[in-house]
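Notes follow the structure.
Quick note: the coordinates plus some simple rules give every number you see, no bench work behind them. All values derive from a computational prediction rather than experimental measurement. Virtual Cβ from ideal backbone geometry, glycine too; neighbours counted across all protein chains shown.
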């Protein structure tokens, strides 16, 4: 009998597991979703988000853009870019997945608060709330961020 002790009649020789493992591929889906969300946020900033009342003798309504009312989303976009680069080059890690989950929860809560706040301001003027295209693009960015969370948790490190 030739071979090592693990081989016997009709048995193949055992090889180390490293021989079967290929190089782990870098995750692409989650960083792409995060970059897409950050891009959608950048696109939504110059677009109209809501109307605001102008008080005073020349009262009226003014269009409010994203960078005037939702500048906090710029910070969220920067965090998404940081997470995307970290996840692409270094993997998710346990804390990275939790931090991404917390970011998605905070952005979702803030978008809901923006929706309710705009609706309440419009109700005080006895008119319907205005949600411009920037708001809906920001909402799409939030959806991409939300979709990236389960994708991050399902991807193995």
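Of note:
- Normalised Debye scattering of region 38-116 at q = 0.11, 0.15, 0.16, 0.18 Å⁻¹ gives log10 I(q)/I(0) of -0.40, -0.63, -0.69, -0.81, counting only Cα atoms as equal scatterers and leaving out solvent.
- Fewest-first ranking of 44, 71, 85, using other Cβ atoms within 10 Å as the exposure measure: 71, 85, 44
- Taking every DSSP helix (H) stretch of at least 4 residues in the chain, weighting each as -39,500 (n - 2.57) and dividing the sum by the residue count yields a mean residue ellipticity at 222 nm of -20000 deg cm²/dmol.
- Between helix 29-44 and the chain: long-axis angle, C-alpha atoms, 0 to 90°, nearest 10: 10 degrees
- Ratio of Rg to Rh over region 68-157 (Cα coordinates, Kirkwood Rh, two decimals): 1.08
- Taking other Cβ atoms within 10 Å as a rough exposure proxy, 145, 33, 100 sort from fewest to most as 33, 100, 145.
- The Cα center of region 61-95 and the Cα center of region 112-128 differ in position by 25 Å.
- Crossing angle, helix 72-90 versus the chain [Cα axis fit, 0-90 degrees, rounded to tens]: 10 degrees
- Sequence of 98, 89 once ranked by neighbouring C-beta atoms within 10 Å, starting from the fewest: 89, 98
- Rounded tilt (10° steps) of 93-124 against the dominant C-alpha axis of the chain: 20 degrees
- Highest mobility in the GNM of the chain, judged by mean-square fluctuation with C-alpha springs under 10 Å and restricted to 129, 138, 56, is found for 56.
- For the chain, average projected area of the Cα convex hull in nm²: 12.9 nm²
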